[in-house]
1. Working only within segment 380-415, note down all residues that are free of Cβ contacts under 8 Å to residues at least 24 places away in the same chain, assigned to a helix (DSSP H, G or I) and either within 26 Å of GLY98 (Cα to Cα) or open to solvent by less than 20 Å² (accessible area, probe 1.4 Å) (or both).
2. Across segment 1-41, which residue is least open to solvent (accessible area, probe 1.4 Å) among those that are of a type in the set (Asp, Glu) and at pLDDT 95 or above?
3. Criterion first (in contact with a Leu (Cβ under 9 Å, 6 or more places away or on another chain), of a type in the set (A, V, I, L, M, F, W, C) and free of Cβ contacts under 8 Å to residues at least 40 places away in the same chain) does ALA218 satisfy it?
4. What are the pairs with Cβ atoms under 9 angstrom where one residue, in segment 51-80, is charged (D, E, K, R) and the other, located anywhere, is assigned to a loop (DSSP other than H, G, I, E, B)? Sequence gap at least six, or different chains.
5. Restricting to segment 260-295, what's the tally of residues that are small (Gly, Ala, Ser) and buried (at least 24 other Cβ atoms within 10 Å of the Cβ)?
6. Given the criteria in contact with a helix residue (DSSP H, G or I) (Cβ under 7 Å, 6 or more places away or on another chain) and free of Cβ contacts under 8 Å to residues at least 40 places away in the same chain, does PRO433 qualify?
7. Starting from residues that are surrounded by 24 or more Cβ atoms within 10 Å (Cβ to Cβ) and hydrophobic (A, V, I, L, M, F, W, C), keep the ones in segment 90-112 and report whichever is nearest to the chain's Cα centre (by Cα).
8. Return only the number of the condition from (1) more than 22 Å from GLN427 (Cα to Cα); (2) without any contact (Cβ under 8 Å) to a residue 12 or more places away in the chain that PRO115 does not satisfy.
Amino acid sequence: MTYAVTEMLAEWVGASEVPEEARISAAKCVFDLMTAAIAGYETPNAMAVRRIASMTWGHGTAAMWFSGEQSTAAGATFVNAACACSLDLDDGHRAASGHPGAAIIPGVLSLLGSPSLDGQRALAAIAVGYEMGVRISSARDLRSVPTVNSGLWSGQAVAAAVGWLRGLSPGQIAHAISIAGTTAPSQSATPYTRFRGNSVKEGIPWGAANGVLAVDLAKQGFTGPIDILDSSERYDRARLLDGLGASWLINSTYFKPYSCCRWIHAPIDALLSLLRDHDIHPDAIIGIHVETFGRSLTLSNEVAPGTLEGAQYSLPFCLGVAAISGAAALLPLSSDSLRDQRAIEIAGRVRMTVNPEFDLMFPAAVPGRVRITTASGVLEQTVLAPKGEPTNPMSWDDIGAKFLAIAAERVGTRVAAGIPSAIGALQTGDLAPLQSMLEARLFADANSASTVERRHRSQSS
């Protein structure tokens, strides 16, 4: 009998034994995603999805994180994924050229409270989800696909992880993966739209919720095109199957110190290094020349974006913000930055060109080179691996500092201290502390002023 690739992957999922190293990496990914979700909680996108959650998804027992409210597993997954990816601060993987964590972690944690779920199983499921999602994405020719948007494949990762947790048979998991892949959001406008600064972005919440629904359907006998991954024109079979279990892809996840598209991070690192090392004042900058890879030029790259989403996809604007206000202003980008005329002026001095050598490195790497022209001359810096890549990693301490920078002013230092403690308990198998934090109401009424706005008001009064 000839087996379809999804059937072979599902058999592996059902029999997989996740090593400790991969579970530790999964805990690090959960910690980092808590940062992204707290940062994104009060964005207009996140508030919009919470407002419509009940009428769209209904009531259930799954937490909509930090709100004190609940929805169905699919609904909570949608809401929590939307929070986590709202500010483009969530993790990613070079092989996939996309973002697994913002979909997989909300999907797995939608099952909190299930009698069969403990911390070790949750971490194992997350590692399995990363393995499936990254393999499926990287098996495509990422140079030729119309878009690398993560919503196209993240639902299949969620289906594998949640299907395994819920005890589906390998056959059912194979169908769940097939259903999720076939019905994934098309992201059809991404290759040509002039309005990249929109709320849909990569379609991650739709893909994530769809993965949970696919598991529900497969459990009831619903089927999908089981040979979805068998097309040699679309997928490299070796990338899908070779080395399963020999090493774990979650161990090479990258993390982000700035809330913008990963393709922009190397130029930011290079610019900040030049400004620091040569004591360059922003007013001295006559021009900035960025050498990058071709896909970077497909971003919107607006000099004066009108939305936070537009800012996240603008290399010139992010360089302008970094030059004027430093790295802290990108953790995360705020709506105030959109009105920063000095940043906009610097952004207008940025010129971008494709470096053929860098173009060949993509998607395995996202390098950048920056040349700053001043009255004193031209200075140059090249960054091949931005901060957070496996070859230039963010440590646990770095992830912790990122978390505190975001959480302390939003939920307070006392409450914020509970999440690192909960991640520690998660690694020992105890889910209760994390569940308690996720189910609690950490933010005030979403219709009132944001936490950060209230804090600034109190400081100025």
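The values are calculated or read from the model by the stated rules, or taken from the named source; none is laboratory data. Given the structure is predicted, the values throughout are model-derived calculations rather than measurements. Note that each Cβ is placed from the backbone with ideal geometry, even for glycine, and that neighbours are counted across all protein chains shown. All accessible areas refer to the heavy atoms of the entire protein, side chains included, with ligands and DNA or RNA removed. Shrake-Rupley method; radii C 1.70, N 1.55, O 1.52, S 1.80 Å.
1. Result: ASP397, ALA401, LEU404.
2. Top of the filtered list is ASP32.
3. The answer is no for ALA218.
4. What qualifies is ARG51/ALA446.
5. Of the residues in that region, 2 qualify.
6. yes
7. ALA102
8. If we test PRO115 against (1) more than 22 Å from GLN427 (Cα to Cα); (2) without any contact (Cβ under 8 Å) to a residue 12 or more places away in the chain, just (1) comes out false.
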